[in-house]
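Accompanying notes for the structure given below.
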Amino acid sequence: MIFNLTQPVLDSAPKFTYTGTYEYIDDGAGNWRIKFLTSGVFTPLKDMTIDAFLVGGGAGGGNGILANAAPGGGSGYTTTVNSVQLTANTEYSIVVGAGGTATNNGGTSTAFEATANGGRSGSGSASSAKGGNGGSGGGGRDGEGGVDGANGGGVNGGTGQGTTTREFGESTGDLYATGGGGSDSSTAEESGAPNTGDGGSGSRTVKAGEGGSGIVVIRKHKEAAA
């Protein structure tokens, strides 16, 4: 169940205020998540212990000149921190990294003293095009963007972080942070969707895609499986 409300209405929901936009998700059995979609200030109204997952903004894709090709932007990096103690009536600043415009890096996401850097834009053009580094690498001029922490495809694909970009680093978590494809890939000129951290794809002209903004997600602390 997802609630787009200013305050959750379920008795089992955590009590808090937030000055930005968010989604509250009831995962059942007393478990919940909050997805912060824009920057703001989070204030819990009682002490709580949480896990937090951060995604930086994706980088924009590269622009080609005339018939030259261009690479894809790297996705935002991801970070997970567990067992964070929050104190009632204390303000916690949350910054959701912006997606990068064409040829520009993505913004950094920060929350609860954790940081997830934005993806890096690709460089060069034609035979020298190199996908941007990021959580998942941007594709080289003829390559698809990396997925789930992998390097970008094609010639000179960007370097991914080498670990999963799924929510909370878990195999069943929502997938974020896919790299942008090169200008000769199947996703040429596409932009990353908001709150995905995806990289923008390259273009042979000046129509390169923009990176998707990042996201910050918290949940009721979950004990690690034995």
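The values are calculated or read from the model by the stated rules, or taken from the named source; none is laboratory data. The structure displayed is predicted, hence computed values, not measured ones. Here Cβ is always computed from backbone atoms with ideal geometry, including for glycine, and neighbour counts include all displayed protein chains.
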Selection from the stretch 162-184 of residues that are surrounded by fewer than 24 Cβ atoms within 10 Å (Cβ to Cβ) and either at positive phi or outside any strand (DSSP E or B) (or both): 162, 163, 164, 167, 168, 169, 170, 171, 172, 173, 174, 184
Some residue of the stretch 78-87 being in contact with a helix residue (DSSP H, G or I) (Cβ under 9 Å, 6 or more places away or on another chain), among the β-branched types (Val, Ile, Thr), closer than 25 Å to residue 194 by Cβ and crowded, with 24+ Cβ neighbours inside 10 Å: yes
Pair list, Cβ < 9 Å and 6+ apart or interchain, from the stretch 40-65 residues that are more than 30 Å from residue 203 (Cβ to Cβ) to residues that are of a type in the set (Asp, Glu) and part of a loop (DSSP other than H, G, I, E, B): 41/91; 42/91; 43/91
Qualifying residue in the stretch 69-78 (condition: modelled with pLDDT of 95 or more, touching an Asp or Glu at 6+ places or on another chain (Cβ under 9 Å) and in a strand (DSSP E or B)): yes
Scan of the stretch 117-175 for residues that are within 28 Å of residue 220 (Cα to Cα) and either touching a Pro at 6+ places or on another chain (Cβ under 9 Å) or among the polar types (S, T, N, Q) (or both), ordered by number: 117, 136, 161, 163, 164, 165, 171, 172
Some residue of the stretch 115-127 being under 30 Å from residue 31 (Cβ atoms) and without any contact (Cβ under 8 Å) to a residue 12 or more places away in the chain: no
Residue within the stretch 198-216 that is crowded, with 19+ Cβ neighbours inside 10 Å, β-branched (Val, Ile, Thr) and either free of Cβ contacts under 8 Å to residues at least 60 places away in the same chain or closer than 14 Å to residue 74 by Cβ (or both) present: no
Those residues of the stretch 125-153 which are modelled with pLDDT under 95, surrounded by fewer than 24 Cβ atoms within 10 Å (Cβ to Cβ) and assigned to a loop (DSSP other than H, G, I, E, B), in sequence order: 125, 142
Filter result for residue 205 (more than 29 Å from residue 86 (Cβ to Cβ), modelled with pLDDT of 95 or more and among the β-branched types (Val, Ile, Thr)): no
Restricting the stretch 93-103 to residues that are buried (at least 20 other Cβ atoms within 10 Å of the Cβ) and farther than 16 Å from residue 77 by Cβ, the residue that is modelled with the highest pLDDT: 94
Boolean, residue 195 is within 30 Å of residue 33 (Cβ to Cβ), of a type outside the set (Asp, Glu), touching a residue at least 12 places away in the same chain (Cβ under 8 Å) and surrounded by 24 or more Cβ atoms within 10 Å (Cβ to Cβ): no
First in the stretch 11-39 and on the phi > 0 side of the Ramachandran plot, second anywhere and assigned to a strand (DSSP E or B), Cβ under 9 Å, 6 or more apart: 30/220
Those residues of the stretch 113-124 which are surrounded by fewer than 23 Cβ atoms within 10 Å (Cβ to Cβ) and either outside any loop (DSSP other than H, G, I, E, B) or among the hydroxyl-bearing types (Ser, Thr, Tyr) (or both), in sequence order: 114, 115, 123
Hits in the stretch 24-68 - residues which are acidic (Asp, Glu), in a strand (DSSP E or B) and surrounded by fewer than 18 Cβ atoms within 10 Å (Cβ to Cβ): 26, 27
